[in-house]
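Beneath this line is the structure, given in structure tokens, with notes to follow.
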Amino acid sequence: RRNSGDAGLICVAEALESYERALAINSGFVMAWNNRGIALTDLARIADALASFDRALALDPNYAEAWNSRGNVLQGQRRLAEALASYERAIAIRPDHAEAWNNRGRTLWQMKRLDEALASYDQAVALRPDYAEALSNRSNIQWAEYRRHEPAVRDLERALAIDPDLDYAPGDLLHLKMHGADWRGHDED
């Protein structure tokens, strides 16, 4: 969905045009409203994105993806209580929504509600054991907030085995290994 540079913005703008054409044909197309909101978010048109998510939810208040997407925008705006409410709504509708659990964890962490954040990451990983981002987030909170070295290393190693290109994870793992005096593979890392 996201690409860097001008080419990425062109792709997002083209996607936005496609969603708007779809909505011109069928203004009740909930998924198109949600996807339009995501494209608008990528274009930093935040108010328009929120309006698009709200339109999707007016059409289908039980569309968990729109609640999750709405929460992402609100979290980015540091409107944490509203973001949390959106994630919790998504989870109430679809308890198996691993992404909403992960996003809820990030929001709770920002709110310094650490035990709840960790429990949210645990739930995201329980639902999707191959969810590299949730494993990385859980590792980060394990180390940064609780100083639990071994579980943090274990989660990051697992995350990198799933997604070797996961943002920041290789450096985070090297950092953790150094703190634990684990020099295996240090030169290569």
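The values are calculated or read from the model by the stated rules, or taken from the named source; none is laboratory data. Predicted, not measured: the structure shown is a model, and the values here were computed from it. Positions of Cβ are backbone-derived with ideal geometry, glycine not excepted, and every protein chain shown enters the neighbour counts. Areas reflect the complete protein model, heavy atoms only, side chains present, ligands, DNA and RNA absent. Shrake-Rupley method; radii C 1.70, N 1.55, O 1.52, S 1.80 Å.
The set of residues in the stretch 113-127 that are within 14 Å of the chain's Cα centre (by Cα) and not in a helix (DSSP H, G or I) is empty. Does TYR146 fit the bill of being aromatic (Phe, Trp, Tyr), at pLDDT below 95 and within 27 Å of ILE91 (Cβ to Cβ)? Criteria met by TYR146. Note on the stretch 128-141: residues that are assigned to a helix (DSSP H, G or I) and within 14 Å of the chain's Cα centre (by Cα) amount to 7. Within the stretch 147-164, residues that are within 14 Å of PRO129 (Cβ to Cβ) and of a type outside the set (Val, Ile, Thr) sit with their Cβ atoms under 8 Å from residues that are open to solvent by less than 30 Å² (accessible area, probe 1.4 Å) and outside any helix (DSSP H, G or I), at 6+ positions apart or across chains, in these pairs: ALA159/LEU166.
The set of residues in the stretch 160-176 that are open to solvent by less than 50 Å² (accessible area, probe 1.4 Å) and either outside any helix (DSSP H, G or I) or modelled with pLDDT of 95 or more (or both) contains only LEU166.
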